[in-house]
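Here the structure is laid out as structure tokens; the discussion comes afterwards.
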Amino acid sequence: MSKMRNGYGGSNERINLKTTIMKIQSIKLGIAFASTGIVMYLGCMALMAFLGHDGTVWFFNSILHGFDTETIVRMEVPLAQTALGILLTVSISGFSGWLIASVYNRSMNLETTND
């Protein structure tokens with residue numbers, strides 16, 4: 001399957017779409033997911049600090065569509081538990097990003113070898 005490239009580059013060269021495979025860099029996607037996890041965790045901490053208990057409960061009840069979070073929201077979280085939470089969030093989200101990219105890359109290799 002071929003397609004003419006035209007437009008922004010002005011090139012009329014033919015490219016073969018079957019052999020053009022995008023490979024995701026697993027480590028970089030893992031780092032991006034881990035960074036996103038840190039930002040989300042720190043954002044949650046800031047939200048809890050600024051909104052207080054009632055505001056935090058209202059916010060999470062709004063996001064979770066009817067799930068009552070009042071009984072599970074704790075405002076006093078020990079420093080060690082916070083550090084462990086950050087470490088686990090970074091680890092799980094980083095691993096998730098790496099795994100998604102690895103599975104995608106592996107599946108793309110299987111598709112090209114089965115043609």
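Nothing in this text is a laboratory measurement; each read-out follows from the coordinates by a stated rule. What you see is a predicted model, and the numbers here were worked out from it, not measured in a lab. Counting neighbours? That spans all protein chains shown, and the Cβs are built from the backbone with ideal geometry, glycine included.
Here are the numbers for this structure:
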| quantity | calculated |
| --- | --- |
| Packing rank of 69-80, 88-99, where each peptide gets the mean count of other beta carbons within 10 Å, highest leading | 88-99, 69-80 |
| Two-site FRET efficiency, L51 against I100, from Cβ-Cβ distance with R₀ of 30 Å, rounded to 0.05 | 0.40 |
| Difference of contour (0.36 nm per residue) and Cα-Cα distance, H65 to K23 | 11.4 nm |
| Debye intensity ratio in log₁₀ form over the Cα atoms of segment 22-113, taken at each q of 0.17, 0.19, 0.25, 0.26 Å⁻¹ | -0.81, -0.90, -1.16, -1.19 |
| Long-range HN-HN contacts of T69 with modeled amide H, under 5 Å | N61 |
| Cβ-derived FRET efficiency at R0 25 Å, A32 paired with M108, nearest 0.05 | 0.85 |
| Whole-number percent relative contact order across segment 22-113, with pairs defined as alpha carbons under 8 Å at least 6 apart | 56 percent |
